[in-house]
């Protein structure tokens, strides 16, 4: 893969957001929008998918996390490709942990195919994460769940979808959220009326609020602890 786009924290880093773009995009496609909404203590990593043939697009080569064979929710899926992409995401998480950021301070996110990868990667990771932001997407290899899940039931998931999405049908998002809610304890599915296969200011405001909620308390708590140590 190409080197990821990285937006460094503007104060001491205590959290990380790893966000995967959609089919045919690059890490640059989301980096500016995410930089504008992330907390100052959060580093943002926007990797770019490898360029490979995509069956759905007649074999045309483009940045893609895994092959897409069909948009039929019951159709064949590229299981080896999904698992290989998952391993890459797990490697990025591990790199952040090695740099001193605990798993429960790392948010996974993504849009469309990238959101699908974020969901799958989070559920199959063996340490609780801060949360998952899944935009306009679906849960890949859904028939394997909940058996394939190895993460905590408590990892929060924020799933968002426009009800006018012509690419990843709104119904796919609803079905995925329903399945996730059957084995995860903290799943939010929010509908954006009139939104197609894209984002919106309202959605980004909600993402801003949710990632701050997932990471802010720990940051404030650590600051209080540091202040207490200085006073003592």
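The values are calculated or read from the model by the stated rules, or taken from the named source; none is laboratory data. Nothing here was measured: the structure is a model prediction, and the numbers come from that model. Heads up, the Cβs are rebuilt from the backbone with ideal geometry, glycines too, and the neighbour counts pull from every protein chain shown.
Return a yes/no flag: does segment 185-208 have any residue that is part of a loop (DSSP other than H, G, I, E, B), farther than 23 Å from residue 142 by Cβ and at pLDDT below 95.
No: segment 185-208 contains no residue that is part of a loop (DSSP other than H, G, I, E, B), farther than 23 Å from residue 142 by Cβ and at pLDDT below 95.
Which of the strands (runs of 3 or more DSSP E) found entirely inside segment 1-63 contain at least 3 residues meeting this: in contact (Cβ under 8 Å) with a residue 40 or more places away in the chain?
Values: elements: 5-7, 15-20, 42-46, 51-54, 60-63.
Because the criterion is at least 3 residues that are in contact (Cβ under 8 Å) with a residue 40 or more places away in the chain, the strands (runs of 3 or more DSSP E) in segment 1-63 that meet it are 15-20, 42-46.
Looking at residue 139, is it closer than 16 Å to residue 178 by Cα and under 12 Å from the mean Cα position of the chain (by Cα)? Step through it out loud before you land on a result.
On the way: closer than 16 Å to residue 178 by Cα: yes; under 12 Å from the mean Cα position of the chain (by Cα): yes.
Spelling it out, residue 139 is indeed closer than 16 Å to residue 178 by Cα and under 12 Å from the mean Cα position of the chain (by Cα).
Among the residues of segment 75-82, is there at least one that is free of Cβ contacts under 8 Å to residues at least 40 places away in the same chain, outside any loop (DSSP other than H, G, I, E, B) and surrounded by fewer than 20 Cβ atoms within 10 Å (Cβ to Cβ)?
Residues of segment 75-82 free of Cβ contacts under 8 Å to residues at least 40 places away in the same chain: 75-76, 78, 80-81.
If we keep only those that are outside any loop (DSSP other than H, G, I, E, B) as well, we get 80-81.
Filter again for surrounded by fewer than 20 Cβ atoms within 10 Å (Cβ to Cβ), leaving 80-81.
Yes: one or more hits.
Within segment 122-161, count every residue that is within 15 Å of residue 104 (Cβ to Cβ) and touching a residue at least 60 places away in the same chain (Cβ under 8 Å).
Taking segment 122-161 as the starting set, the residues that turn out to be within 15 Å of residue 104 (Cβ to Cβ) are 122, 125-132, 151-157.
Okay, now just the ones that are also touching a residue at least 60 places away in the same chain (Cβ under 8 Å), so 130-131.
Total meeting the criteria: 2.
Quick grid of which residues meet (1) buried (at least 17 other Cβ atoms within 10 Å of the Cβ); (2) more than 19 Å from residue 102 (Cα to Cα):
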site	(1), (2)
6	no, no
15	yes, no
22	yes, yes
42	yes, no
56	no, yes
60	no, yes
66	yes, yes
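I'd like the residue in segment 120-136 that is over 20 Å from residue 213 (Cα atoms) and touching a strand residue (DSSP E or B) at 6+ places or on another chain (Cβ under 7 Å) and, out of all such residues, is surrounded by the most Cβ atoms within 10 Å (Cβ to Cβ). Explain how you work it out, then say what you get.
Step one: list which residues in segment 120-136 are over 20 Å from residue 213 (Cα atoms), which gives 120-121, 123-126, 136.
Pick out the ones that are also touching a strand residue (DSSP E or B) at 6+ places or on another chain (Cβ under 7 Å) and you get 121, 136.
On the way: 121: 27, 136: 29.
Among them, the one singled out is 136.
For segment 141-161, which residues satisfy the criterion of being closer than 25 Å to residue 208 by Cα and touching a helix residue (DSSP H, G or I) at 6+ places or on another chain (Cβ under 8 Å)?
Once the filter is applied, which keeps residues that are closer than 25 Å to residue 208 by Cα and touching a helix residue (DSSP H, G or I) at 6+ places or on another chain (Cβ under 8 Å), segment 141-161 yields 151, 155, 156, 157, 158, 159, 160, 161.
When both residues are 6+ apart or on different chains and their Cβ atoms are under 6 Å apart, which pairs have a first residue that lies in segment 168-179 and is more than 13 Å from residue 112 (Cβ to Cβ), and a second that is part of a helix (DSSP H, G or I)?
Between residues of segment 168-179 that are more than 13 Å from residue 112 (Cβ to Cβ) and residues that are part of a helix (DSSP H, G or I), the close pairs are 179/142.
Please verify whether residue 117 is crowded, with 24+ Cβ neighbours inside 10 Å and outside any helix (DSSP H, G or I), treating the condition exactly as stated.
no
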